[in-house]
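The values are calculated or read from the model by the stated rules, or taken from the named source; none is laboratory data. Nothing here was measured: the structure is a model prediction, and the numbers come from that model. Here the Cβ positions follow ideal geometry from the backbone for every residue, glycine too, while neighbour counts run over all protein chains shown. Side chains included, ligands, DNA and RNA excluded: accessible areas come from the protein's heavy atoms. Shrake-Rupley method; radii C 1.70, N 1.55, O 1.52, S 1.80 Å.
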Amino acid sequence: LSGSLPEYLKRVAEGQAGEFETEVRMSDFSSVQGPAWVLLVEADDYEPLVTRGFDPMEVDQDLELKLQRGCKLEGTVLSPEGTPAPGARLAFAQEGNAVLAIGDGEFSQRHQGILENSDVSGRFRLIKPPKATALVVFHDSGWAIVPTEPGSQELHIKHQAWARVEGVLV
């Protein structure tokens, strides 16, 4: 594990009828202090599942994992006036990985998650990444943060207008 986010898996194990087998060896970790591994399970039409971190020195693991149906997030982004918001920028905040913004409602270049835009009618369709906690939306007319729920979701996101702070400096 690197910080709070694991590195991407370096091996893919395919299975049949819900069963698979793979090996993790100490040699898989290149000079990492306190190495650990997690198992990411992905299947069409199911939420991705991430296990807890395992120490490579732990003995054989016999895991029983239950996947939850649904992994799609789709809907429409609407302006504060209720009209479609074409070209809205969408990103997922994930557990341990916040979405950072820079000036003018732009996502930071450091964001590593899924970044997409709504189409000309404000529609979007996304596959939720592992441990998604919220969908963050930026548009020229405003912004929104929508918590994600387990399963597929159909959303109609009416975002809030950008705020402005005015005052007099004395």
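Normalised by the residues of the stretch 104-168, what does the relative contact order come to in percent, with Cα pairs under 8 Å and at least six apart?
24
Calculated FRET efficiency, Leu49 and Ile145, Cβ-Cβ r, R0 22 Å, to nearest 0.05?
Approximately 0.35, to the nearest 0.05.
Around Lys158, which amide H atoms from residues at least 5 apart in sequence, or from another chain, sit under 5 Å from its own amide H, with H modelled in the peptide plane?
Sorted by chain and number, the residues that satisfy this are Leu78.
For Leu115 and Gln68, what is the calculated FRET efficiency with R₀ set at 25 Å and r taken between the beta-carbons, to the nearest 0.05?
Computed FRET efficiency for Leu115 and Gln68 comes out at 0.50.
For Glu23 and Val165, compute 0.36 nm times the residue count separating them, minus their Cα-Cα distance, and round to one decimal in nm.
45.5 nm
Within 10 Å of each candidate Cβ there may be at most 11 other Cβ atoms; applying that plus a DSSP loop requirement, which GluC sites (Glu not before Pro) in the stretch 83-168 survive?
Here the GluC sites (Glu not before Pro) that fit, given the DSSP loop and packing criteria, are Glu166.
Once you list every other residue whose beta carbon is under 12 Å from the beta carbon of Ala88, what net charge do they have if Lys and Arg are +1 and Asp and Glu are -1?
0
Using modelled amide H (1.01 Å from N, peptide plane; none on Pro or chain starts), what sits under 5 Å from the amide H of Ala88, excluding residues fewer than 5 places away?
Ser118
Which trypsin sites (Lys or Arg not before Pro) in the stretch 83-167 pass both tests, a DSSP loop state and at most 13 other beta-carbon atoms within 10 Å?
Arg110, Arg164
Under the rule of at least 5 residues apart or a separate chain, name every residue whose amide H is placed under 5 Å from the amide H of Ala101.
Ser108
Mind giving me the FRET efficiency for Glu58 and Glu14? R0 is 35 Å, r the Cβ-Cβ distance, nearest 0.05 is fine.
0.90
Ignoring ligands, DNA and RNA, what percent of the 1.4 Å accessible area of the stretch 67-170 is carbon and sulfur?
Carbon and sulfur atoms account for 54 percent of the accessible area of the stretch 67-170.
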